[in-house]
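The values are calculated or read from the model by the stated rules, or taken from the named source; none is laboratory data. Source: prediction; values computed, not measured. No Cβ is skipped: glycine too gets one built from the backbone with ideal geometry, and neighbour counts run over all protein chains shown. Remember, those area values only see protein heavy atoms, side chains included, never the ligands or the DNA or RNA. Shrake-Rupley method; radii C 1.70, N 1.55, O 1.52, S 1.80 Å.
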Amino acid sequence: MRFATRIDDATLTVLRDVRHPLCALALGPTIEFGHERRLEINWLPVEVPALRAPSEPGADDARSVLHRRHRANMMQREIAVYAEAQGLTLVDYYRDAPAPLVRAGWLWVREYASAAALETFIREAFRAYGCGELEPSDVDAVEAIIESAAPDADARTFRNWIESEASGVTESFAAE
């Protein structure tokens, strides 16, 4: 079978953490890539370690400390440049708020709504978290994103799902 005849059935699995600025920078290009290539994207939430802020300079800093600080400052400038180029607002690159409810909302939309609704949810969750509007542990805030992203789905059932079916999922997210 030729590759060209199978491309329409291809699926791209993508793991993203709503809290990580590099994931936010890659979101738009990933969506665009999937649309251009007519790929189905299998979006999965994941938790990755947060970026560490550069340390404050000290009089007796070792050379390795100076290099780590320089690399962290360079990464911060690079994120700022790419965020501006994409029109993204990322207010705190080092924010490390627990987000198990956002990941659970992501999985709920993935299960109970359309692929288009999931893409909308992911875009809005990244936007809201990046600009500091989203408190990721606030079930009302996550439910509001679900309601706007998936108007055909009953977002109120999200709370019941969290309490029953997703209890193990949110506990495992919290343990990470």
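The table for this structure:
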read-out: Mean projected area (nm²) of the alpha-carbon convex hull when the chain is viewed from all directions; value: 13.3
read-out: Area of Asp96 that stays accessible when all protein chains are in place (1.4 Å probe, Å², to 10); value: 90
read-out: Rounded percent of accessible protein surface that carbon and sulfur make up, the chain, 1.4 Å probe; value: 52
read-out: Rough spin-label spacing in nm, given labels placed 7 Å along Cα→Cβ, for Ala85 and Asp140; value: 4.0
read-out: Whole-number accessible area per residue in Å² for the chain, which is evaluated in the context of all protein chains at 1.4 Å; value: 60
read-out: Phe121, Phe33, reordered so the largest accessible area comes first (probe 1.4 Å); value: Phe33, Phe121
read-out: Summed residue charge, Cβ within 13 Å of Ser137's Cβ, Lys/Arg positive, Asp/Glu negative; value: -2
read-out: Gain upon complete extension [Ser114, Arg52; 0.36 nm per residue less C-alpha separation]; value: 18.7 nm
read-out: Contour minus Cα-Cα distance for Tyr94 and Asn42 (0.36 nm per residue); value: 16.0 nm
read-out: Dipole of region 1-150 [Lys/Arg +1, Asp/Glu -1 at C-beta], most positive-end residue of Ala113, Leu101, His67; value: His67
read-out: Net +/- balance of residues flanking Ser55 in space, Cβ distance below 14 Å, scoring K and R +1, D and E -1; value: +2
